[in-house]
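Step one of this worksheet: look at the structure below.
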Amino acid sequence: MQAAGRVLDAGLKLLDRQLIDSQGMLAGKVDDLELTPSQDDPQRLYVTAILAGPGALAGRLGGRLGHLLERTANRLRDSPQDRPARVPFGVVKQLNSAVDLWVAKEELETDRLEQWARQTIIAKLPGAGDAPQ
Amino acid sequence: MKNLVQVALGVLTAIGGFVDIGDLVASTATGARFGLALAWVLAVGTIGIIIFAEMAGRVAAISGRPVFDLVRERLGAGMGLANLLASFFITLLTLAAEIGGVALAIELATSVNYLLWVPLVAIVIWVVVWRLPFETMDNTFGLVGLALVVFLLAIWRLHPDWHGLAHSALHPTVPQGEGHPTYWYFAIALLGSAMSPYEVFFFSSGAVEQRWTRQDLIINRTNVLIGFPLGALLALALMFTAAIVLQPQGVDPTHLSQTVLPVSLAFGKLGLALAIIGIFACTFGAALETCLSCGYTVAQYFGWQWGKFVKPTQAPRFHVVVLLSLLAGTLLVLTTIDPIQLTEYSIVLAAAALPLTYLPVLLVANDRDYMGDKANSGVSNLLASLYLVLLLVVSVATIPLLIVTKAGG
Amino acid sequence: MRRAMTLLLLLAVSGCTGPVRSFGVYESKAANTARKTASAVATAELAVQVATRDRTFGRTAAQTLAEAARDAGDTQGIFDAIQPPDRRSDQLRSQLDDLLQPAVSTLEDLRTAARRGDVESMARIAAPLEKLAGELQDFDEAHR
């Protein structure tokens, strides 16, 4: 992964943007950003990953609402991890009005709640896999 | 570029789909208590929804994204969440009201208690949402909803005093026995029913469901500029018939059975059948719309895959929210709360939340990043901004008036 | 169950189950009661009109009249639960009760007739309704 080094206003151009995967499917929003200090100059921070999911959003929102969000999300995930789902910045293909990714959403950590919902509820209903007309 | 039949279909669907239980209750109650003195509010509300629906449709066609999807980007995650909570809650209330409305329509035809119909109605709603393709669903109930035109025809059949009606509409006065605060309370309720938030969510998301592109901008304009005013005409017809038959008799309608009396008088059994079918179709259609809108708002805030244009397995969280919302709405109706009263609360609270819904539409429609050359013109912005000022005033006045008039009692 | 809940809700909204402080307030509640009852009576009149002219379905007429009867009964129940604060109010109450009682019982009779599909009796039973509606409306206007 090369250090892309593009400088942009993360607040306006990155946060809360839609993630779109390689198939054109919606894969969540940029809920938070993981910042890592650069090797050479610790004052400089690189965005190394996009954080997505209720855990990440909760962190940003803070307060009781954020807490509630986080607890609900953690309870619904089968993984015991407490950290929010991470989308490494290397899979980001393009930044335009949305954030286009190189990979399909199934390969992302952020898809866990989606998979849980699919397995426990939706897949059990008749016609769930039928293509829309 | 879709052909003429499709355009006509879109317009007819827009007309038949305009009225929901909120419009039914608000227009009829207003007509019975105030005659046509509040007809101007319907005009104001219709123009408002035309302006903003056109914008929302344009946003969807150009950017491929519905408005609520972009709310979070524009307002930030915190404000966006507050917006989501308010919008979701009100849409859920409206969903419950619509379910109640469907059950009441069946009760009116069968005389079997509406509560017994509620679970069946909920199940059918879910099956339709789950199985029926979007356009089929939209068109079917929109077209059958056209049966409400019987109210329009009934006006002539009832031989009204045209001069008196025209005078009352063009020179609005508060009738004897009604107070000014009540007049304005009903004005707010009527506005809330005409500009209901879920209509924007559904129209905007629906445009994406139907894969509108630049070429469909004309369809967008036609549906909105022809379909909506004609749909509002049906709501106006409800007000008219109530003003002609119910007001002189001092009937204050609190049941659907009173709403349809004028049609019975005018056309007998055939007219009554059409009226009940029309009410059933428009409330059922609105139940589908509000149910999906509950899913749309939540999914679009969190960035989940949503929509009927993908397989359910590809949008599981969206469908879970839709299902849970339907369940919650159904349970709310089953608490035996009066569905008409529930409707009144839903439209009044909707009126209070109108700025929340419409401000983002204006913001996004002006964003050149998404809209390119199709961003708002100066004229659109001026009109829309004026409306936003109005909606803010309405929003602030709602709760005080609700308290002062004891919910219009 | 539903009647009880509606009654409870209406009571909560009207904000008053016990004594009312002044004649003025009692008077306006009485006027409101008269107005609501007049609405139910007028609804029943219209329903009978369309039923006897065969312009409605039997079940729809039954539903309409059942609702009108229920509304009138509930309204009377709420009003009777309010304690009159003074002598004048007491007199007002008996005045209004003289109108409410026949209204409620006529509407209940109509509901029964409609349920049985007995259209012939409906016109006869509904005969006093027009006068009653007028009297209730006069009461409302006089005490508003």
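Read the figures in this text as sums done on the coordinates, not as results from a lab. Computed from a prediction, not measured in an experiment: that's the story for all the values here. Cβ sites come from the backbone with ideal geometry, for glycine too, and all protein chains shown count toward neighbours.
Observations on the model:
- For chain C, the spread of Cα positions along the three principal axes, ordered from largest to smallest, is 49, 33, 17 Å.
- Nearby aspartates and glutamates by direct alpha-carbon distance to C:Lys29 (threshold 12 angstrom, same-chain neighbours under 8 apart not counted): C:Asp80, C:Asp140
- The calculated P(r) of segment B:242-319, using every Cα pair and 5 Å bins from 0, goes 3, 14, 16, 14, 10, 8, 7, 8, 10, 7, 2, 0 in percent.
- Candidates B:Gly250, B:Gly35, B:Gly17, ranked by Gaussian network fluctuation over chain B, Cα under 10 Å, top entry: B:Gly250
- Greater than 29 Å apart at Cα, pairs in A:Lys124/B:Lys308; A:Lys93/B:Lys374; A:Lys29/A:Lys124: none
- DSSP-loop trypsin sites (Lys or Arg not before Pro) across segment B:1-59, with at most 16 other Cβ within 10 angstrom: B:Lys2
- Order of B:Ser380, A:Ser38, C:Ser89, C:Ser94 under a 10 Å beta carbon neighbour criterion, fewest first: C:Ser94, A:Ser38, B:Ser380, C:Ser89
- FRET efficiency for the pair B:Asn3 and B:Lys374, taken as 1/(1 + (r/R0)^6) with r the Cβ-Cβ distance and R0 = 25 Å, rounds to 0.60.
- Segment C:80-87 - phi-based ³J(HN,Hα) in whole Hz, Karplus 6.51/-1.76/1.60, Gly and Pro as x: 5, 6, 7, 7, x, x, 8, 4
- Cβ crowding within 10 Å, taken as a proxy for footprinting-reagent exposure, orders B:Leu70, B:Leu402, B:Leu236 from fewest neighbours to most as B:Leu402, B:Leu236, B:Leu70.
- Point-to-point label distance, B:Phe89-C:Ala127, nm (Cα→Cβ direction, 7 Å offset): 5.6 nm
- Taking a straight line from the alpha carbon of C:Lys36, these lysines sit under 21 Å away, with near neighbours fewer than eight places off in the same chain left out: B:Lys406, C:Lys131.
- Its Kirkwood hydrodynamic radius, worked out from the mean inverse distance over all distinct Cα pairs, puts segment B:75-197 at 18.8 Å.
- Candidates B:Thr30, B:Thr290, B:Thr336, ranked by Gaussian network fluctuation over chain B, Cα under 10 Å, top entry: B:Thr336
- Length added when fully stretched, B:Val404-B:Leu217, from 0.36 nm per residue minus Cα-Cα: 62.9 nm
- In the protein assembly as shown, inverting the average of 1/r over every pair of distinct C-alpha atoms gives 26.9 Å as the Kirkwood radius.
- Exposure proxy for B:Leu108, A:Leu51, A:Leu14, B:Leu24: other Cβ atoms within 10 Å of each Cβ, ordered fewest to most, give A:Leu14, A:Leu51, B:Leu108, B:Leu24.
- Pairwise Cα separations in segment B:4-404 fall into 10 Å bins from 0 onward with the following percentages, short to long: 5, 25, 35, 25, 9, 1.
- Gaussian network model of chain B, springs between alpha carbon atoms under 10 Å - residue of B:Ile337, B:Ile125, B:Ile21 with greatest fluctuation: B:Ile337
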